[in-house]
Amino acid sequence: MIIGNFPNMIQLIAKPKIILQKSAFWIIAGLVFTILGCKGTQELSNPDGTESEIELPVEDQFTSEDSLNFLKLLRQKEAAISDYREAYPKDIEVLHVDLDLAFDFQKQSVRGIAKLLISPHFYETKEVFLDAQDFELGRISLINKDSTSKLGYQYDGKVIQIYLPEATGRDDSLWVEINYEAFPERNPTAGSSAITDTKGLYFIDPLDTIPSKPTMIWTQGETEHNSKWFPMVDKPNQRFTQTFALTVPDSMISLSNGVMVKQENLGNGLRKDFWEMNIPHAPYLAAVGIGNFGKVEDRWKGVPLGYYVEKGYEAGAKKVFENTPLMMEFFSDLLGLDYPWPKYDQLVVKDFVSGAMENTTLSIFMEELKLTEREAIDSEWDYIIAHELFHQWFGDYVTTESWSNLTLNEAFANYSEYLWNEHHYGQDVADLKLVAETENYFYEAETKQVNLIRFEYADSEDMFDSHSYSKGGAILHMLRKVVGDEAFFESLNLYLTQHALQSVEVHDLRLAFEEVTGRDLNWFFNQWFLDKGHPELLIEADYSQPENVLLSVYQTQDLNTTTIYKIPFEVSWYVNGERKVKTLVLERAFQQYALENTDAIDQVYFDEQKHLLALKSPGFTAEQWQKQFMQSQFGVARYEALDSLKAGDERGILLEVLKASLSDPFESVQESGLLTFISGQEWLLENPELEEQIFDLVNTSKNNSIRSTALDVLAANWPDKYYSTFKLLVNDPSYLVAGSALSGLVASSDRKLSEEELAKFELESNYRMIIPLAEYYLVNDVKAKGGWFTKKVETLSGDGMYYFLGYYGEYFSMNPEEGKEEALAFLLGKMKNDPQPGQRLGAFQALLGFADQEEVVEAMSRIASEEDDDFVKAYYDYFLSSLKFEN
Ligand SMILES: [Zn+2]
């Protein structure tokens, strides 16, 4: 690699006056000498043959290590230029896209006529470059007033270069028509962990050959994949209005951006739907969904809302999406800007390649949101619904100008989950979710630390990481704390209105905040958005003067890679149950603060509400954690205290806190406490009052998750004693509760389930019921259930599928005569082809049960060698290498 820069060195040396700085000159000369020396020549000549007048260095003045380090430095500085990902140059703008599309289900292709309104941005041009991946092109014409004229073009399979008859300037616009057929299935490339494929447009079971799969078409444009099905400039800093005419089978409905204006019956079982989107948006936000969907109608103010899902799941969709109007109201109020689009549809599809996507007016969701009405009782999808909805402002209304600024979309969408939780479920729920988000980031930061806004990613898909999402959201929360709520939301309003329907970069956000607050915020944006890493803080408090506690804070992060932060923070304490708080600023590597608290205290809290993105070591003893648990008014602080005690070894103190946790007002604290008792039998035996308390939670808690966990504790410790409770609650409307009750029945040692009961549970489709039943069959070695296992594995998805795969594999390894070969084929197929990395991993884990067969291990190894997800691949390699060792 270093040798690759050799010609550059020569050029530098040829012009010594530009590198007169002595050391650099000598190091370069030394390097050239060394390299040429290796080649066995003493002559030093330039590429053009001229001799350079260079004095050779004194032998021992510089080592070759100096030379290499210098070269490395040069390489880094040059790479800063060559690797820079600039926002895509706007040579032309596509102002309107008119599409007439028909879908060939047999060939999985899209036949289209695209008419694009095009105008140069500033500079005159005679050529137009359009993204169009894997098309077969027909005629391309310029549309004149009454006629069309053929245009010449070149096409390399990715970009069409169209030659215009004459130079066109920014005051001109022209209509170009492109006849084409697009083949999204061609030239597949791997996506990212966030978006697992790049076809742009997906035919699901196009010929209706899989009974469990409905036939449908949907699209996924982000990042630059919509050019797999229509031609345009596929960059986020473009913006167009659109009219889409979609020819679809009569039996299906179509969905797209904007509103449907007309439907035309074509005969032959076909229909043409006309969609119009009059407000310009970015190319990656264009979308189409076609299928036999059921619809639930709703409304917020004058905006029609549609929740679309596979037929038969409408009642579930009504419940899953029921908070949408409330969210629209809340976000519109908060931002001072009403939902800015004419309608909002939410569509749940099969085999989606991501969690969900915020196409303008048409968000598309993975099938995990397809729930029956009963399943929807425990729906926990508010966060993803809020996330995509908030994108309609941040992402769709104002749009990142380049993937480098992706966090301008994703940090906001991520933070909307906090905002909605805070508003609807309360401060504690929001704060705990934020802690979980920061933990995502800290986990990623162990192996990857990059600037939040970054201009040198390898692939745009790499931007969809915990930096852009979790860290971004946490930074917005800190920004809110720095400027205050009123300024925060007023600044967001200014940013949205100033940049309405435009693309933005991070400075636009800063300037909006500066304009509203009248404060310079470069310090904040520089350290958090334009730099990498995070603070690591060591906190000490000296209580020797209890009425004037001395707080010391050290920034202990590695300063070779990370900056010293300026961090406004809160320190708090309690006097007779009343919370006192001071806001201070940390801006040095080590800083001390006299708190002047006046009342005598023996405990202070640094960032009690966990609002800072920082790794903190408060240095608390178990007694201090206990005190935090007992004192703090914040659920997140009590949760942290319990968590820290669970990780320690002060069992006595932990037990005291656990007892208190069961009646904590914050349900997540209750649940965390309960989980400890699943394996904490000795505590329960020594403290019989706990058993009663836990049993009470089963019956009195309003939270099904708590009731379910309490049942899990009973099932783990007294499966026979609570048989009648399980028997009763196995019919609870909540699957969380019923599933735990069924686990209890299954765990009961002496009373087996009757044939009648088994037959009833076998019909269930929810994995919370299916998994305990599978467990029952395995533990009791029940035969002739191969058909049931096969049927269930074909219908499950998401978490349920992941868990079930293990039972499925084990059943056929125990009962090979019932269809082991088919099971192996299924698992190997899943490991090879499932779009979700987690499911591929699940299939691999199930296959490990067959690892005594050489041909299975060989097949697994073959598939593993093609795996492109780093985490999954590392997991495969670890287990496969140990298998090979054993064999
Ligand atoms: Zn998002």
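The values are calculated or read from the model by the stated rules, or taken from the named source; none is laboratory data. Model, not experiment: these values are computed from the prediction. Here Cβ is always computed from backbone atoms with ideal geometry, including for glycine, and neighbour counts include all displayed protein chains.
With respect to residue 414, is the statement that it is within 12 Å of the ligand (Cβ to nearest atom) and either aromatic (Phe, Trp, Tyr) or buried (at least 20 other Cβ atoms within 10 Å of the Cβ) (or both) true? Yes: the conditions hold for residue 414.
The set of residues in the stretch 139-184 that are assigned to a loop (DSSP other than H, G, I, E, B), within 25 Å of residue 101 (Cβ to Cβ) and either of a type in the set (Gly, Ala, Ser) or at pLDDT 95 or above (or both) comprises 147, 151, 156, 157, 158, 173, 183, 184. Cβ-Cβ contacts under 6 Å between residues 6 or more apart (or on different chains), taken from a first residue in the stretch 222-247 that is under 25 Å from residue 185 (Cα atoms) to a second residue that is assigned to a helix (DSSP H, G or I) and small (Gly, Ala, Ser), are listed as 223/460; 234/227.
Can you spot a residue in the stretch 342-350 that is at pLDDT 95 or above, of a type in the set (S, T, N, Q) and not in a strand (DSSP E or B)? Looking for residues that are at pLDDT 95 or above, of a type in the set (S, T, N, Q) and not in a strand (DSSP E or B), one finds none in the stretch 342-350, hence no.
Restricting the first member to the stretch 338-357 and to residues that are at positive phi and surrounded by fewer than 19 Cβ atoms within 10 Å (Cβ to Cβ), and the second to residues that are part of a strand (DSSP E or B) and at pLDDT 95 or above, the beta-carbon pairs closer than 8 Å and six or more apart or on different chains are 351/202; 351/204. Considering the stretch 334-367, the residues that are away from the ligand (no atom under 16 Å from the Cβ) and among the acidic types (Asp, Glu) include one that is farthest from the chain's Cα centre (by Cα), namely 338.
When you go through 640, 671, 667 one by one, which is the residue that is among the acidic types (Asp, Glu) and within 15 Å of residue 622 (Cβ to Cβ)? Every option except 640 fails the conditions. Selection of first residues in the stretch 394-413 that are farther than 19 Å from residue 363 by Cβ and not assigned by TED's automatic domain parsing to the domain that holds residue 236 and of second residues that are in a helix (DSSP H, G or I) and away from the ligand (no atom under 11 Å from the Cβ), restricted to Cβ pairs under 7 Å at least 6 apart or on distinct chains, gives the following pairs, ordered by first then second residue: 403/460; 403/463; 405/506. Residue 486 falls short of the stated requirement of being under 19 Å from residue 570 (Cβ atoms), modelled with pLDDT of 95 or more and not assigned by TED's automatic domain parsing to the domain that holds residue 448.
For every residue, the table says whether it meets (1) within 25 Å of residue 260 (Cβ to Cβ); (2) of a type in the set (Gly, Ala, Ser).
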residue	(1), (2)
297	yes, no
320	yes, no
333	no, no
338	yes, no
341	yes, no
350	yes, no
372	no, no
395	yes, yes
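The single residue among 721, 702 that is assigned to a loop (DSSP other than H, G, I, E, B) and within 27 Å of residue 629 (Cβ to Cβ) turns out to be 702. Quick check on the stretch 396-411: of everything there that is acidic (Asp, Glu) and over 13 Å from the mean Cα position of the chain (by Cα), which residue is nearest to the ligand (Cβ to nearest atom)? If we take residues in the stretch 396-411 being acidic (Asp, Glu) and over 13 Å from the mean Cα position of the chain (by Cα), then 396 is nearest to the ligand (Cβ to nearest atom).
In summary, residue 390 fulfils each of the numbered conditions (1) surrounded by fewer than 24 Cβ atoms within 10 Å (Cβ to Cβ); (2) within 9 Å of the ligand (Cβ to nearest atom) with the single exception of condition (1).
Go over the candidates 740, 734 one by one and state the one that is under 29 Å from the mean Cα position of the chain (by Cα) and not assigned by TED's automatic domain parsing to the domain that holds residue 840. Let's see the steps before the verdict.
On the way: 740 fails: under 29 Å from the mean Cα position of the chain (by Cα).
After ruling out the rest, the residue left standing is 734.
Pairing residues of the stretch 738-751 that are closer than 9 Å to residue 768 by Cα and part of a loop (DSSP other than H, G, I, E, B) with residues that are among the charged types (D, E, K, R) and at pLDDT 85 or above, at Cβ distances under 6 Å and at least 6 apart in sequence or on separate chains, gives no pairs at all.
Applying the condition of being more than 28 Å from the chain's Cα centre (by Cα) and among the small types (Gly, Ala, Ser) to the stretch 299-314 and asking which residue is surrounded by the fewest Cβ atoms within 10 Å (Cβ to Cβ) yields 302. Taken as a whole, the structure leaves residue 381 outside the set of residues that are within 16 Å of the ligand (Cβ to nearest atom), within 29 Å of residue 309 (Cα to Cα), in contact with a helix residue (DSSP H, G or I) (Cβ under 7 Å, 6 or more places away or on another chain) and assigned by TED's automatic domain parsing to the domain that holds residue 497.
This table checks each residue for (1) farther than 20 Å from residue 352 by Cβ; (2) in contact with a Ser or Thr (Cβ under 6 Å, 6 or more places away or on another chain).
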site: 127; (1), (2): yes, no
site: 136; (1), (2): yes, no
site: 143; (1), (2): yes, no
site: 160; (1), (2): yes, no
site: 175; (1), (2): yes, no
site: 186; (1), (2): yes, no
site: 191; (1), (2): no, yes
site: 208; (1), (2): no, yes
site: 229; (1), (2): no, no
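Identify all residues within the stretch 246-268 that are more than 22 Å from residue 208 (Cβ to Cβ) and crowded, with 20+ Cβ neighbours inside 10 Å; write none if there are none. Quick ask: steps written out before the conclusion?
Narrowing the stretch 246-268 to residues more than 22 Å from residue 208 (Cβ to Cβ): 256-265.
Within the stretch 246-268, 256, 257, 258 meet the criteria.
For the stretch 776-791, the criterion of being in contact with a Lys or Arg (Cβ under 8 Å, 6 or more places away or on another chain) and in a helix (DSSP H, G or I) is satisfied by at least one residue. When you scan the stretch 533-549, do you find a residue that is over 30 Å from residue 601 (Cβ atoms) and in contact with a Ser or Thr (Cβ under 9 Å, 6 or more places away or on another chain), even just one? There is at least one residue in the stretch 533-549 that is over 30 Å from residue 601 (Cβ atoms) and in contact with a Ser or Thr (Cβ under 9 Å, 6 or more places away or on another chain). Would a scan of the stretch 364-384 turn up a residue that is in contact with a Lys or Arg (Cβ under 6 Å, 6 or more places away or on another chain) and more than 30 Å from residue 871 (Cα to Cα)? The answer is yes, given that some residue of the stretch 364-384 is in contact with a Lys or Arg (Cβ under 6 Å, 6 or more places away or on another chain) and more than 30 Å from residue 871 (Cα to Cα).
Taking the listed residues 334, 371, 362, the one that is touching a Leu at 6+ places or on another chain (Cβ under 6 Å) and among the aliphatic types (A, V, I, L, M) is 362, with no other qualifying. Considering the stretch 242-298, the qualifying strands (runs of 3 or more DSSP E), each wholly inside and each with 1 or more residues that are aromatic (Phe, Trp, Tyr) and over 28 Å from the mean Cα position of the chain (by Cα), run over 270-281. Take the conditions (1) within 20 Å of residue 113 (Cα to Cα); (2) in a strand (DSSP E or B); residue 221 misses just one of them, which is (2).
From 127, 93, which residue is in a strand (DSSP E or B), over 19 Å from residue 277 (Cβ atoms) and among the acidic types (Asp, Glu)? Full working, then the answer.
Values: 93 fails: over 19 Å from residue 277 (Cβ atoms).
Just one listed residue meets the conditions, 127.
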